[in-house]
Amino acid sequence: MEVVPPGATAAGISGRRTLILGGARSGKSTEAERRLAAEPHVTYVATARPELEEFDPEWAERVQAHRDRRPAGWVTVETRDVAKLLDEATGAVLVDCLSLWLGDAIERDDYADRIDELVAAYRGTRARVTAVSNEVGSGVVPESAAGRLFRDQLGRLNALIAAESDEVLLTVAGRVLEL
C-alpha cells in the first residue's frame, strides 16, 4: 500500500466521494477535515445523538474537540437522516461518522432499510462527500449477539459505501493509506 500525504491521492486529485476508514483515534476525522479545508462551504454532518453529551462528560469533551477544530465558516447539522441530507446537498459535505449513524439505526431496529437508503443517496448525491467510518473487522469476535450484529453490519455498510466511492483511505496511527 502507498502512503498518501494529507489532502492528496496517489493521482494528486481528491475524488467526489471519499470514504475514510480507521480505528479509534487513528486520525480519520482529522484527515477528512484536512481534505475539505480549502472548500469555501462545508456542511459537517454530526451523526452522534446530541443527548449523549448530557450524560457522558468524556464524550462531551471529544465532541467539543471536534467542534474546536472545524473552521468557523462550516455549518454543522446534527442529524441521523443522512440520506435525506445527501439527496438535497450540493456543496461539500463531511459525514462523521457512519459508525455512530449505524449504532442509532440498529437501536431503532430499522438498519437494513436505512443502510440501503444511505447507500443510494451516497451514490446519487451531487455533493462532494467525505464520509468517516470505523474499521472494526480486524478486532476480536464480540461475545454478544448485539456486538456481532454491529460489527457485521458496519462491515457491510463500509463495503457498500466503499464500492460507491471514488477513493477509499485507511488511517492507521495518523498515517493515511490509499486502498
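Within the listed set 126, 114, 62, the residue fluctuating most in the Gaussian network model of the chain (springs between alpha-carbon atoms under 10 angstrom) is 62. Pair-distance distribution P(r) for the stretch 99-179, from all Cα-Cα distances in 10 Å bins starting at 0: 16, 48, 31, 6, 0 percent. For the pair the stretch 143-179 and the stretch 27-41, the centres of their Cα atoms are 19 angstrom apart.
Modelled label positions at residue 55 and residue 70, each set 7 Å beyond Cα in the direction of Cβ, lie 2.3 nm from each other. Report the accessible area of residue 41, computed with a 1.4 Å probe over the heavy atoms of all protein chains in place, in Å² rounded to the nearest 10. Roll a 1.4 Å probe over it and residue 41 shows about 140 Å². Beta bridges assigned by DSSP with both partners in the chain are antiparallel in approximately 20 percent of cases. Considering only 96, 110, 56, give the residue with the highest GNM mean-square fluctuation for the chain, with springs between Cα atoms whenever their separation is below 10 Å. Maximum among the listed residues: 56.
About its Cα centre, the dipole of the chain is roughly 580 debye, where the only charges are +1 on Lys and Arg Cβ and -1 on Asp and Glu Cβ.
3J(HN,Hα) along the stretch 131-137: 10, 10, 8, 7, 10, 10, x Hz, from the Karplus curve 6.51 cos²θ - 1.76 cosθ + 1.60 with θ = phi - 60°, whole Hz, x for Gly and Pro.
Spin-label model, residue 126 to residue 109: label points 7 Å out along the Cα-to-beta-carbon direction sit 3.9 nm apart.
Scanning residues 5 or more positions from residue 93 or on other chains, those with amide H under 5 Å from its amide H are 43, 128, 129, 130, with H placed 1.01 Å from N in the peptide plane.
If you wrap the tightest convex hull around every Cα atom of the stretch 28-179 and split its volume per residue, you get 125 Å³.
Accessible surface comparison of 49, 148, 175, probe 1.4 Å, protein chains only, largest first: the order is 175, 148, 49.
The values are calculated or read from the model by the stated rules, or taken from the named source; none is laboratory data. These numbers come from a predicted model, not from an experiment. Glycine also receives a Cβ, built like all others from the backbone with ideal geometry; neighbour counts cover every protein chain displayed. Surface accessibility is based on the protein's heavy atoms, side chains included, excluding ligands, DNA and RNA. Shrake-Rupley method; radii C 1.70, N 1.55, O 1.52, S 1.80 Å.
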